[in-house]
2 protein chains.
Amino acid sequence: MLSNLDTPSLLVDADALGANIKLMSGHFANRHAKLRPHFKSHKCTTIAKMQMNAGAVGITCAKLGEAEVLATAGIKEILIANEIVGPLKVRRLIELSKRANPIVAADSADNLKMISDFATNAGATIRALIEVDVGQGRCGVAPGKAALELARFASTLPGIQFAGLQGYEGHVVDLRDEKERTEKTHAALKGLVDSRRLIENSGIPVQIVSGGGTGTYIINGDVEGIDEVQAGSYALMDWWYTDIRPEFRQAMSILVTVISRPRPNIAIIDVGRKGCGAEWGPPRVKTIPGAKIPSFNSEEHGTVHLPDGAGENLRVGDHIEIIPSHGCTTSNLYREFAVHRNGSVIDRWPIEASGTLQ
Amino acid sequence: MLSNLDTPSLLVDADALGANIKLMSGHFANRHAKLRPHFKSHKCTTIAKMQMNAGAVGITCAKLGEAEVLATAGIKEILIANEIVGPLKVRRLIELSKRANPIVAADSADNLKMISDFATNAGATIRALIEVDVGQGRCGVAPGKAALELARFASTLPGIQFAGLQGYEGHVVDLRDEKERTEKTHAALKGLVDSRRLIENSGIPVQIVSGGGTGTYIINGDVEGIDEVQAGSYALMDWWYTDIRPEFRQAMSILVTVISRPRPNIAIIDVGRKGCGAEWGPPRVKTIPGAKIPSFNSEEHGTVHLPDGAGENLRVGDHIEIIPSHGCTTSNLYREFAVHRNGSVIDRWPIEASGTLQ
């Protein structure tokens, strides 16, 4: 029973998760673009394997440490959608390539050169996507000529196999207005696809152009020239993504305990910033209609405002479920998911990549 | 050498930490009020032992799981400054009392009754502080009559030893203006000390009244009727507390790598929200004068804005140190501290209580 769990516990609704994986896999089943789900959202190899079994072409991750966890779990097709920089990490990347098939993102000649040198010394070849800045203003070279030049450079390196491009429209992926999100995503992707054509026209083959997220998978998946979508949040869903992609079910919640009832309309719960990713807003209360958490600034406490009448039967020791604004930063705070169906805990899944920062 | 560390790494400057512990211990050496440092800030038993060796009367913590970690490390005098609620946790608390001397906070009769019942069955007695809400609006009963009534109730319970009061002025502890902070702290503590007198005048002895933090230790430590101060941030210091308590040295930083240089005045670093507590603001850049991180919303990336000229020699692969706004939520994201002196790593200290949410 859920009521037998200690709190806070990070819950996964098995049926909702299953439905989300099925829905997303179904969307990509008959499309050119393929799904390579992002591991950073759940960091749990059990879920990654479910995604692979449902038809994903591989897994995307953000950190080399995550890729190592995936390889250890037997998942070989791994896109590290991030720059892997410096001799310590490049050595680890080469080691990883002996037991998996990693692809890395890169946006600088120096970095590509180092990877190539280390790979050549080890008799290895590393596949790389050139990261293109499609407007987010984070990593990536500019679309067009700069992308072509770096792709051409990568193609000349003996330890690198130039595999394509990556562009993440992170600046528009969570726009609330669907029309605006669609228009701006198309605008962002135009530079990415144009870069692809420029590179192909120069005689360099492009195998993979990867991008997108849960907020834009429908748009991205139908743009000609996009081969892979790296959505992650769809599996577990937080309230932020549920608001913009309601076709997916809320599978993640946090079971908490009321530890204090200082006033009739206030309940204090045993989770704060250390146990709930809240950078997109305070958590919502799942199990008490009308209850709200207006602000959420304590490390280990949350303050729930109860609607009139709701507090009459709510006592110290009672359980509540809350939903985080951001699932990715929440999974990272826990070591396991408690998996439930019909009110019973049916399994525990380790979150093996919790805290893999390096 | 620091430059040989993989990144991100959480650094502790050994000399700065030592100076901070010495300064705080010295402040309380000849006062009635004693120091019981808060473990939640570093979650590392090596540092807790240094604090005990410097004269602390015990350690404060926020979670039962933290208390268990402390007991395992041989630290027996533990204040869990939080309500321990529900049969699963109360059972663990009783178990803990067989190998340590825990004190818990409590603010409800039901909770005290459960602890007493479980303790009595196990032949144990648990010491409890009644938590008083001194204005923070979180846990705690109202000062005065409500505090007296709950103290009286606790005193009647066979498995509880009523030990005193706790009140945390969290609503004023980080006010930037020192005069305002001082006045409002005194106002908050008046209710706490008045409650103490009321209880003592009713014939119930009060051994410990505990409160305070790094922002208010000077004020609290000199209020008659306050016996213990539970400051925590002073040991490692983040930039938020350094701004208001500059007598302590900045001992905590995060070593990061520049992974991209997309524009002359922009450097992308390999840490984001998953590796740096930022709920009090973006991190500051320690090692490049004038560099700024205006916003900090990515999970695994930070965007550093460089002042004119600073970027000329900054390359992909270079290291930077940043300082988090909040140290407590940062320590919780790592598994160890890399301890350094004069540019060399001299030790690694496990953060044993990282992720102890329960």
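What follows draws every value from the coordinates through simple rules; no lab data is involved. As the structure is a computational prediction, the values presented were derived from the model and not from experiment. Ideal geometry is used to build each Cβ from the backbone, glycine not excepted, and the neighbour counts take in all protein chains shown.
Run the simple label-point estimate for B:Thr120 and B:Ala142 please: 7 Å along Cα→C-beta, distance reported in nm.
It is 3.0 nm.
Which length gain, in nm to one decimal place, applies between A:Lys179 and A:Ser202 when the Cα-Cα distance is subtracted from 0.36 nm times their residue separation?
Working: separation 23, 0.36 × 23 = 8.28 nm, distance 3.48 nm.
Additional length available on full extension: 4.8 nm.
Could you work out how much longer the chain between B:Leu23 and B:Asn4 gets when fully extended? Use 0.36 nm per residue separation minus the Cα distance between them, nm to one decimal.
So the chain would gain 3.7 nm between B:Leu23 and B:Asn4.
Rounded, prolate or oblate: pick one for the protein assembly as shown, where a ≥ b ≥ c are the square roots of the eigenvalues of its C-alpha gyration tensor, a/c under 1.5 means rounded, and failing that, prolate if a/b is larger than b/c, else oblate.
prolate
With each label point set 7 Å from Cα along the Cα-Cβ vector, what nm distance links A:Arg152 and B:His319?
In this crude label model, A:Arg152 to B:His319 measures out at 3.7 nm.
For chain B, take the longest principal axis of its alpha carbons; what is the angle in degrees between that and the long axis of helix B:87-97, to the nearest 10 within 0 to 90?
The two axes meet at around 90 degrees.
Give me a single rounded figure for B:274-287: the average over its residues of other chain Cβ atoms within 10 Å of their Cβ.
Mean shielding by partner chains, rounded to a whole number: 2.
If r is the Cβ-Cβ distance from A:Asp110 to A:Glu224 and R0 is 41 Å, what FRET efficiency results, to the nearest 0.05?
In this case the efficiency is close to 0.80.
Report relative contact order for chain A in percent, whole number only (criteria: Cα-Cα under 8 Å, sequence separation at least 6). Walk me through the intermediate numbers first.
Numbers: 817 pairs, mean separation 73.4, N = 358.
Relative CO of chain A lands at 21 percent.
According to the square roots a ≥ b ≥ c of the eigenvalues of the Cα gyration tensor, what is the shape class of chain B, taking rounded for a/c under 1.5, prolate for a/b larger than b/c otherwise, and oblate for the remainder? Can you show the working numbers first?
Working: a/c = 2.32, a/b = 1.89, b/c = 1.23.
Prolate, because a/c is 1.5 or more and a/b exceeds b/c.
Please pull out the direction-averaged projected area of the stretch A:71-175, using the convex hull of its alpha-carbon atoms, in nm² to one decimal place.
7.0 nm²
Taking chain B as a Gaussian network, Cα atoms linked when under 10 Å apart, which of B:Gly290, B:Gly135, B:Gly191 shows the biggest mean-square fluctuation?
B:Gly290
Taking only Cα atoms and a 10 Å spring cutoff, compute GNM fluctuations for chain B and point out the largest among B:Thr60, B:Thr156, B:Thr182.
B:Thr156
Which shape class, rounded, prolate or oblate, goes with the stretch B:191-230 when its Cα gyration tensor gives a ≥ b ≥ c as root eigenvalues, a/c under 1.5 marks rounded, and past that a/b bigger than b/c marks prolate?
prolate
Note down the nm distance, to one decimal, between modelled labels 7 Å out along Cα→Cβ at B:His171 and at B:Asp15.
Output for this residue pair reads 4.3 nm.
Summing +1 for each Lys or Arg and -1 for each Asp or Glu, what net charge is found among the other residues whose Cβ lies under 14 Å from the Cβ of B:Pro307? Let's see the in-between values first.
Details: positive: B:Arg263, B:Arg284, B:Lys292; negative: B:Asp308, B:Glu312.
Every neighbour counted, the sum reads +1.
Scanning chain A for trypsin sites (Lys or Arg not before Pro) in DSSP loops with at most 11 other Cβ atoms within 10 Å, what's the longest stretch left with none?
A:177-358
Among B:Asp243, B:Asp133, which comes first, second and so on when ranked by fewest other beta-carbon atoms within 10 Å? Please list the in-between numbers first.
Working: B:Asp243 12, B:Asp133 24.
Listing B:Asp243, B:Asp133 from fewest to most nearby Cβ atoms yields B:Asp243, B:Asp133.
Can you tell me the 0 to 90 degree angle between the C-alpha axis of helix A:14-29 and the longest principal axis of chain A, rounded to 10?
The answer is roughly 30 degrees.
Peptide B:330-336: average number of partner chain Cβ atoms within 10 Å per residue?
That average works out to 3.
Select from A:Ala71, A:Ala154, A:Gly135 the residue farthest towards the positive end of the dipole of the stretch A:37-163; place +1 on Cβ of Lys and Arg, -1 on Cβ of Asp and Glu, and compute about the Cα centre.
Positive-end residue among those listed: A:Ala71.
If I fit a long axis through the Cα atoms of helix B:178-201 and take the longest principal axis of the Cα atoms of chain B, what angle between them do I get, 0 to 90°, rounded to 10?
20 degrees
Taking Rh as the Kirkwood radius, which is the inverse of the mean 1/r over Cα pairs, what is the Rg/Rh value for the stretch A:198-342?
1.15
With just the Cα atoms defining each centre, how far is the stretch A:210-254 from the stretch B:238-264? Give it in Å.
Each part reduced to its Cα centre gives a spacing of 34 Å.
Magnitude of the Cβ-charge dipole of the stretch A:269-358, K/R +1 and D/E -1, about the Cα centre, nearest 20 debye?
I would put it at about 140 debye.
Of the listed pairs A:Lys34/A:Lys190; A:Lys22/A:Lys49; A:Lys40/B:Lys274; A:Lys113/B:Lys274; A:Lys43/A:Lys89, which have alpha-carbon separations greater than 22 Å here?
Correct reply: A:Lys113/B:Lys274.
Using a Gaussian network for chain A with springs between C-alpha atoms less than 10 Å apart, which of these wobbles most: A:Gly140, A:Gly74, A:Gly167?
Looking only at A:Gly140, A:Gly74, A:Gly167, the largest GNM fluctuation is found for A:Gly74.
Using Cβ contacts closer than 10 Å as the measure, can you line up B:Asp110, A:Asp270, B:Asp227, B:Asp177 from fewest to most?
B:Asp177, B:Asp110, B:Asp227, A:Asp270
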